[in-house]
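Report on the following structure.
FYI, it's all coordinate maths here, none of it is from the lab. In this text, all values refer to a predicted model and were calculated from it rather than measured experimentally. Positions of Cβ are generated from backbone atoms using ideal geometry, with glycine treated the same way; all protein chains shown enter the neighbour counts.
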Amino acid sequence: MNGAKMAWFDETLHDGIRQSLTVDRLLHREHTGLQELTIFENRLFGRVLALDGAIQTAEADEYVYHEMLAHPAILARKAALCSGPQDSLDILIVGGGDGGCLREVLRHPEVRATQVEIDARVVELAKLHLPALSAGAFDDPRAELVVADGARFVAETERRFDVAIVDSTDPVGPGAALFTGEFYRNCKRCLKDGGVLVTQNGVPALQGGELAASHAAFRTLFADPAFYVAPVPTYNGGFMAFGWATDDPGLRRWSGATIRDRIDAIGLETRYFNAEIFSAAFVLPNDIRSLLRA
Ligand code: AG3
């Protein structure tokens, strides 16, 4: 492709700043009935999935995001329960149709995972064009996929989970329902005692209001509202924030040694996450801390 004819994908998620990636090969584009879906290949990021113009995931760095969504909470909860391989852990995933989060969750042999994704087309097309994301996770007998509205599911289900992970889009369009106080309250209702809610909470440098709003809601609902961070190059703007909300304040305070034992117990191999990052990721710089004071 020569420079003059180069096709670009313009991500216009943030008002006032735009990220552009070359579309080296367009693999799929459709309106699913719920959202505009695009899958293309980029020379630096590999295959990229975008929904309504916002990049959701890219092969090159999805592991950072998906490992950080899944492992800190699951390992901490296992440590708290002193659970052995025979005890099962119930995990809820809201969103995450590409399957990357489910793949990481299922690396824990003792989990049973329920994933509630609103758009079946995201699952189908990600399986087809981004097979490395789910890597067979949807066929795992420990996983159940429910195609439904996650906000409604958490409001109505009688099931209770050890860990609930919200792998949402940004709070624009259909994703907005997954950032409200009511949604977080319903997430809490379907957690077991001492369970933990983990959310993707945007890039604080560009979406500070989102972080402040989630924090304000978390603190009215949970004894230990917190955030942790990781840089995901695809999500332009520096650190990505992850929400952590639980009534068990001990969960995020497990030592590196305890987390390492839990990692070693299942031979968990990760490309970004490790036992030291478990503690380090909760250390927030002052500019992010001040968003939580507002
Ligand atoms: N998770 C979406 C991450 C948010 C992207 N937004 C951003 N750049 N602020 C979507 C699905 C990944 N499994």
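Observations on the structure shown:
- The range 42-57 - phi-based ³J(HN,Hα) in whole Hz, Karplus 6.51/-1.76/1.60, Gly and Pro as x: 10, 5, 9, 9, x, 6, 10, 10, 10, 10, 6, x, 10, 5, 9, 6
- Considering only GLY195, GLY99, GLY267, the mean-square fluctuation computed in a Gaussian network model of the chain, springs between alpha carbons under 10 angstrom, is largest for GLY267.
- Among the DSSP helices (H) of the chain, those spanning at least 24 angstrom by Cα along their long axis with an average Kyte-Doolittle hydropathy of -0.5 or more are 62-81, 204-221; this is a geometric and hydropathy rule only.
- GNM remark for the chain: springs join alpha carbons under 10 Å apart, and the peak mean-square fluctuation among LEU268, LEU251, LEU145 falls on LEU268.
- Rounded to the nearest Hz, the phi-derived 3J(HN,Hα) couplings of the range 93-102 under the Karplus curve 6.51 cos²θ - 1.76 cosθ + 1.60 (θ = phi - 60°) are 10, 9, x, x, x, 6, x, x, 5, 4, where x marks glycine and proline.
- Low-density loop cleavage sites - GluC sites (Glu not before Pro) in the range 115-173, where at most 15 other Cβ are within 10 Å (DSSP): GLU158
- ³J(HN,Hα), Karplus 6.51/-1.76/1.60, whole Hz, each residue of the range 28-41, x for Gly, Pro: 6, 8, 7, 9, 7, x, 10, 7, 7, 10, 10, 10, 9, 10
- Range of Cα positions in the chain per principal axis (Å), largest first: 59, 45, 37
- Ordering 181-187, 241-247, 46-52 by mean Cβ neighbour count within 10 Å, with the highest value first, yields 241-247, 46-52, 181-187.
- Taking amide H positions as modeled 1.01 Å from N, with prolines and chain starts lacking one, the residues under 5 Å from LEU191 and 5 or more places away or on another chain are PHE161.
- Among ARG112, ARG253, ARG160, the residue with the largest mean-square fluctuation in a Gaussian network model of the chain, with springs joining Cα atoms closer than 10 Å, is ARG253.
- Cleavage-rule hits (GluC sites (Glu not before Pro)) in the range 201-294: DSSP loop, at most 15 neighbouring Cβ within 10 angstrom: GLU269
- Nonlocal amide H pairs with LEU44, under 5 Å, H built at 1.01 Å: none
- Charge-dipole axis of the range 62-292 as Lys and Arg at +1 and Asp and Glu at -1 on Cβ define it, positive-most pick from VAL163, LEU292, LEU69: LEU292
- Look at where the Cα atoms of the range 25-69 and of the range 232-252 average out, and the two centres are 21 Å apart.
- MRE, 222 nm, helices only [DSSP H, n ≥ 4, -39500 (n - 2.57), over the chain, to nearest 500]: -9500 deg cm²/dmol
- The DSSP beta bridges internal to the chain are antiparallel in roughly 60% of cases.
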